[in-house]
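The structure follows.
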Amino acid sequence: MNSFPLPGAPVFHRSENGALMIEDLGLDELAQEHGTPLFVYSQAAIESALSAWQRGLAGRDALVCYAVKANSSQAILSLLAQAGCGFDIVSGGELARALAAGAEPEKIVFSGVGKTRREMQAALEAGIGCFNVESEAELLALNDVAAACGLTAPVSIRVNPDVDARTHPYISTGLRDNKFGIAHDHALAACQLAASLPGLRVAGIGCHIGSQITEAAPYLDALERVLDLLEAIEAAGVPLGQIDLGGGLGIAYADETPPAADALCQLLLARLDARGHGQRRLIVEPGRALVGNAGVCLTEVLYLKPGEDKSFCIVDAAMNDVPRPALYEAFHRIEPLQAAAEGAPGRVYDVVGPVCESGDWLGRRRLLAVQPGDRLAVFSAGAYCMSMASNYNSRPRAAEVLVSGDMARVIRQRETIEDLLRGELP
Ligand SMILES: *Cc1c(COP(=O)(O)O)cnc(C)c1O
């Protein structure tokens, strides 16, 4: 495993004396200064991930909408907003976060199967660009809310393209049995319904086929399915403007080799051109592809527990900080902040946190030469870690630091015990 390049390289790299670096700063110094567990993100990594999408879509009527749920910290949203990025939100809370970070309302799209009327109203009043609607019942509710506010809601019908699961077994949200999207067979009826409702304006059609997709083929298959539908729906008399191709481009957690964002965009645009739809507005919604490999979670080794069959390396980060292993049995690379001396004896450990759950592990069977007090980096922790972090076991949530060159600034203070108790009544 250690022969693969570091996730997020070259932003993450080792100095000549073996110190793990982020841009121009040593991660061990940041951990000493700010404590652990600590999330550290690279501004250059986020900006260069966004610019790959923007490059791939240059010269087109296109918008990149970052999926806020991947990492919703204000400083990250505002640096993306300043770089011209739009936002894909899934709740009223994310709407408020995006607006507070300086998002342009017309560059916000609102996805999700369970928008409440209150959330719809807030988004309408903010003037967002589009609602990605996932059911006929939601169309009716949105029409009601829009009428009551005296506004018109721009809607894009999110279809479930039912991309073949046998060819693409890793696709989880684009299948018929899934709660997401309007079934392929109902898409025409849904568009006709939307077009008939006075509070709605049909702005387009879209899909979102899943997450951590590491090949271009499923996107191209989904695009073909969506274009087939789009042509049928327009032939039946409902003009559809834009196409929204969702998110889901994967990152390298280990040895995966996902297509580069600019290359993927070029393939998608070529397919659109080939079918005569090159002039249409295109929206993409990358989440983890923008931030996943831009961040690490730093943690300190508390205790070593060697055993006959299994040895444990107990660290101060846990499933409440880095939930993906417990949730999805996900792999995150784990590396010491200071490389072990040549020939130092290592041992194979399960790296686990202090939470009282057997599911509280960060990595299994990792060869490490570490002592208590040493610090480790959990890689690929920029997406779906802090945004999913909890206070389980009454653990305050970690601090976050954003690095640019040789400058570091705290973008979220470590939670305190007072924070934990706030709002509780005896
Ligand atoms: C989660 C989500 C995304 C982003 O998914 P990633 O796998 O992080 O790219 C995009 N669009 C919608 C609607 C989502 O729910």
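The values are calculated or read from the model by the stated rules, or taken from the named source; none is laboratory data. Keep in mind that what you see is a predicted model, and the values were worked out from it rather than measured. Don't worry about glycine lacking a Cβ; one is built from the backbone with ideal geometry, like all the others, and counts go over all protein chains shown. Ligands, DNA and RNA are excluded from the accessible area calculation, which covers all protein heavy atoms including side chains. Shrake-Rupley method; radii C 1.70, N 1.55, O 1.52, S 1.80 Å.
Which residues, counting only those in the range 277-303, are over 16 Å from PRO354 (Cα atoms) and away from the ligand (no atom under 16 Å from the Cβ)?
Correct list: HIS277, GLY278, GLN279, ARG280, ARG281, VAL296.
Rundown of residues vs (1) in a helix (DSSP H, G or I); (2) farther than 18 Å from ASN132 by Cα, yes/no style:
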| residue | (1), (2) |
| --- | --- |
| PRO218 | yes, yes |
| LEU223 | yes, no |
| VAL226 | yes, no |
| ILE243 | no, no |
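For PRO354, which of the numbered conditions (1) open to solvent by 40 Å² or more (accessible area, probe 1.4 Å); (2) at pLDDT below 95 fails to hold?
Failed condition: (2).
Examine the range 63-70 for a residue that is over 16 Å from the mean Cα position of the chain (by Cα) and closer than 30 Å to ARG271 by Cβ, and state whether such a residue exists.
Within the range 63-70, one or more residues are over 16 Å from the mean Cα position of the chain (by Cα) and closer than 30 Å to ARG271 by Cβ.
Say whether the condition of being of a type in the set (Val, Ile, Thr), assigned to a loop (DSSP other than H, G, I, E, B) and open to solvent by less than 80 Å² (accessible area, probe 1.4 Å) is met by at least one residue in the range 371-381.
Looking through the range 371-381, none of the residues is of a type in the set (Val, Ile, Thr), assigned to a loop (DSSP other than H, G, I, E, B) and open to solvent by less than 80 Å² (accessible area, probe 1.4 Å).
Out of the range 144-174, which residues are at pLDDT 95 or above and open to solvent by 20 Å² or more (accessible area, probe 1.4 Å)?
ASP144, ALA147, ALA148, CYS149, GLY150, LEU151, THR152
Then there is this: Sort through ILE76, ILE89 and tell me the only one that's within 24 Å of GLY248 (Cβ to Cβ) and away from the ligand (no atom under 12 Å from the Cβ).
The conditions single out ILE76.
Now for a different question. Quick check: is even one residue across the range 373-383 modelled with pLDDT of 95 or more, closer than 16 Å to ILE334 by Cβ, out of contact with any strand residue (DSSP E or B) (no Cβ under 7 Å at 6 or more places or on another chain) and among the hydroxyl-bearing types (Ser, Thr, Tyr)?
Checked the range 373-383: at least one residue is modelled with pLDDT of 95 or more, closer than 16 Å to ILE334 by Cβ, out of contact with any strand residue (DSSP E or B) (no Cβ under 7 Å at 6 or more places or on another chain) and among the hydroxyl-bearing types (Ser, Thr, Tyr).
Restricting to the range 269-293, and then to whatever is surrounded by fewer than 22 Cβ atoms within 10 Å (Cβ to Cβ) and under 13 Å from TYR219 (Cα atoms), can you tell me which residue is nearest to the chain's Cα centre (by Cα)?
That would be LEU269.
In the range 175-199, what residues are crowded, with 16+ Cβ neighbours inside 10 Å and more than 29 Å from the chain's Cα centre (by Cα)?
LEU188, LEU193, ALA194, ALA195, LEU197, GLY199
Now a separate question. Criterion first (assigned to a helix (DSSP H, G or I), surrounded by fewer than 14 Cβ atoms within 10 Å (Cβ to Cβ) and away from the ligand (no atom under 13 Å from the Cβ)) does ALA232 satisfy it?
yes
Would you tally the residues in the range 185-215 being at pLDDT below 95 and outside any helix (DSSP H, G or I)?
The number of residues fulfilling the criteria is 9.
For the range 7-27, give me each residue that is farther than 14 Å from GLY405 by Cβ, part of a strand (DSSP E or B) and open to solvent by less than 30 Å² (accessible area, probe 1.4 Å).
Hits for the range 7-27 are PHE12, ALA19, LEU20.
Which members of the range 198-212 meet the condition of being more than 9 Å from the ligand (Cβ to nearest atom) and out of contact with any helix residue (DSSP H, G or I) (no Cβ under 8 Å at 6 or more places or on another chain)?
Matches in the range 198-212: ARG201, ALA203, GLY204.
Next up: Considering the range 253-262 alone, what residues qualify as being within 16 Å of the ligand (Cβ to nearest atom) and either in a strand (DSSP E or B) or within 13 Å of GLU215 (Cβ to Cβ) (or both)?
Listed by number, the residues that qualify are GLU256, PRO258, PRO259, ALA260.
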